[in-house]
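Input: a single structure, listed below in structure tokens.
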Amino acid sequence: MTDPRKAHDAEPTTHFGYKNVPESQKAQKVAEVFHSVAAKYDLMNDLMSGGVHRLWKRFTIELSGARHGNRVLDIAGGTGDLTRQFSRIVGHTGEVVLADINASMLKVGRDKLLDKGVAGNVRFVQADAEKLPFPDNYFDVVTIAFGLRNVTHKEDAIASMLRVLKPGGRLLVLEFSKPTNQLFSKAYDAYSFSLLPMMGKLITNDADSYRYLAESIRMHPDQETLKSMMETAGFERVSYHNMTGGIVALHRGIKP
Amino acid sequence: MLRAALLAGAERGINRILRLDPTALPRLARLSGRIIEIDCTAPAWRLFILADDEGLRLASDWGADADCRLRAPASSLLSLAVSRNKTAVLHGPEVEINGDSGLLMNLAEVLQDLELDWEYEISRWLGPVGAQLLGSSLRSPVEWARDSAGSLRQDLADYLSEESRMLVGQAEAQARFDELDDMKLALDRLEARIERLALHLNPERPE
């Protein structure tokens, strides 16, 4: 078994925002970003999106079609917004797994959920999206909200999600994408490259992390590219919905 | 996105009211895991309702099949929401129900039986003594008004049927209806008898 990406002597590189870094370092660097912002993550989300991220997540829940007794995996679940809702929906006979590669984010999420009385049907797992530590055909729904962007090998992650899904199970990818309107896109660029780092500086005293956020959004595959990536991995009936003018897109695919 | 925002707002408002009723949430918990779909035909929109012990969840779309689907125009939905006798509206020609209709009735009952504990909500702002004072000073006029309205209705009915004889009293009307029913039955029997006699007189006639 040889991985073509690792066949060369010099280590292949991948993008970290607009910079290129050796692949082995990306996860480390992303981890630093999230360790730095974990404590104020929810506050920043509300401020940056003007609260609209709650609607994006709401729509994700609606399209998930989760029901009582389902098993749901919330990858890169961060501070547990989706997990909390899924926990309500699947009830005591179901199970929700909140997985995040970042220990700080997972801890903030776990504390927040326990404080809100969400317990019993929720498990917390520190896991890498590329190598999910779950059996094949295990989950009814897998979601990854604002997480795929930070994964080093997106294809591996999508394949791994396909593996753990039951046949007929649904993958939902909520991620920043390309605005559909040129003019809107300009305004959005101005906002995310000047205002966003400034807000990051003021609130978390960390402008770099938010500069990374803006850059990583630009480097993320657009709607059609991500759709074809999901199809290549083996998902069927892949579709996407643009939200807020394409700033965010929700992709959904079904495991055949 | 706008609709999602509106629904999110409505959901928060409804759940806040539901929390004021001590029995509503435990009753809703019994419906948890079930999906109700309201499909309005004119104007066309759809609403999914999921209940659990934290209240209701409203969604404009749901990726799974509903357990109960109610299809009706907005006018019927509105009369369904306000009328006490829901069965009459549900049996209307424009209303279509698929799946478990008991689910829908249970939800409607919970919403109809809401007895809001306003005093608790007020006590959070005014403290227990203030809430009690305000509550009792509001309660007695409300009760007085309700009693007065009840006795006025009774007096008016008595006057119209007994004193002025403008309307027929209920018992009297019932007696007449019974007589009419008896007469109808007698007529039916007579008709059957004549037919039988006619058959006797003319046995060759085919049925």
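The figures follow:
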{"read-out": "Number of positions in region B:31-48 that are away from every other protein chain (no Cβ under 12 Å) and not polar (S, T, N, Q)", "value": "9"}
{"read-out": "Residue that is in the same structural domain as B:Trp45 (by TED's automatic domain parsing) and assigned to a helix (DSSP H, G or I), where the choices are B:Leu58, B:Leu80", "value": "B:Leu80"}
{"read-out": "Selection within region A:182-215 - acidic (Asp, Glu) and outside any helix (DSSP H, G or I)", "value": "A:Asp206"}
{"read-out": "Sole residue being surrounded by 20 or more Cβ atoms within 10 Å (Cβ to Cβ) and closer than 26 Å to A:Val118 by Cα, chosen from B:Leu50, B:Leu7, B:Leu70", "value": "B:Leu50"}
{"read-out": "Filtered residue count, region A:55-71, keeping only those that are outside any helix (DSSP H, G or I) and within 14 Å of chain B (Cβ to nearest Cβ)", "value": "6"}
{"read-out": "The lone exception for A:Glu32 - which of (1) assigned to a helix (DSSP H, G or I); (2) modelled with pLDDT under 75 it fails", "value": "(2)"}
{"read-out": "Some residue of region A:72-89 being touching a Phe, Trp or Tyr at 6+ places or on another chain (Cβ under 9 Å) and within 14 Å of another protein chain (Cβ to nearest Cβ)", "value": "yes"}
{"read-out": "Some residue of region A:96-105 being away from chain B (no Cβ under 14 Å), crowded, with 20+ Cβ neighbours inside 10 Å and part of a helix (DSSP H, G or I)", "value": "yes"}
{"read-out": "Positions within region A:48-81 being among the acidic types (Asp, Glu) and out of contact with any strand residue (DSSP E or B) (no Cβ under 9 Å at 6 or more places or on another chain), in sequence order", "value": "none"}
{"read-out": "Selection from region A:210-239 of residues that are surrounded by fewer than 21 Cβ atoms within 10 Å (Cβ to Cβ), touching a residue at least 60 places away in the same chain (Cβ under 8 Å) and of a type outside the set (A, V, I, L, M)", "value": "A:Arg211, A:Glu215, A:Ser216, A:Arg218, A:His220, A:Pro221, A:Thr232, A:Gly234"}
{"read-out": "Near pairs, Cβ below 7 angstrom, 6+ apart or cross-chain, from region A:42-54 (more than 13 Å from A:Ser192 (Cβ to Cβ)) to any residue that is part of a loop (DSSP other than H, G, I, E, B) and of a type in the set (Gly, Ala, Ser)", "value": "none"}
{"read-out": "Residues of region B:9-39 classified as free of Cβ contacts under 8 Å to residues at least 60 places away in the same chain and closer than 20 Å to B:Ala64 by Cβ, total", "value": "8"}
{"read-out": "Of residues in region A:163-184 being of a type in the set (S, T, N, Q) and under 22 Å from the mean Cα position of the chain (by Cα), the one nearest to A:Ala233 (Cα to Cα)", "value": "A:Ser177"}
{"read-out": "Matching residues, region B:73-91, being surrounded by fewer than 19 Cβ atoms within 10 Å (Cβ to Cβ), closer than 17 Å to B:Leu104 by Cβ and among the polar types (S, T, N, Q)", "value": "B:Ser79, B:Ser83, B:Asn85, B:Thr87"}
{"read-out": "Candidate set: region A:13-29, residues that are in a strand (DSSP E or B) and out of contact with any strand residue (DSSP E or B) (no Cβ under 7 Å at 6 or more places or on another chain); chosen: the one farthest from the other protein chains (Cβ to nearest Cβ)", "value": "A:Lys19"}
{"read-out": "Leading residue by the ranking (surrounded by the most Cβ atoms within 10 Å (Cβ to Cβ)) among those in region A:154-171 that are part of a strand (DSSP E or B) and of a type in the set (Lys, Arg)", "value": "A:Arg170"}
{"read-out": "Qualifying residue in region B:122-131 (condition: surrounded by 14 or more Cβ atoms within 10 Å (Cβ to Cβ), at pLDDT below 85, touching a Leu at 6+ places or on another chain (Cβ under 9 Å) and not hydrophobic (A, V, I, L, M, F, W, C))", "value": "no"}
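Table: residues versus (1) away from chain B (no Cβ under 14 Å); (2) under 25 Å from A:Glu62 (Cβ atoms); (3) in contact with a Gly (Cβ under 8 Å, 6 or more places away or on another chain); (4) modelled with pLDDT of 85 or more.
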| site | (1), (2), (3), (4) |
| --- | --- |
| A:Ala159 | yes, no, yes, yes |
| A:Gly168 | no, yes, no, yes |
| A:Leu172 | no, yes, no, yes |
| A:Lys186 | yes, no, no, yes |
| A:Asp189 | yes, no, no, no |
| A:Pro197 | yes, no, no, no |
| A:Arg211 | yes, no, yes, no |
| A:Phe235 | yes, yes, yes, yes |
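The values are calculated or read from the model by the stated rules, or taken from the named source; none is laboratory data. Keep in mind that what you see is a predicted model, and the values were worked out from it rather than measured. Cβ coordinates were reconstructed from backbone atoms using ideal geometry, including for glycine residues, and neighbour counts include every protein chain displayed.
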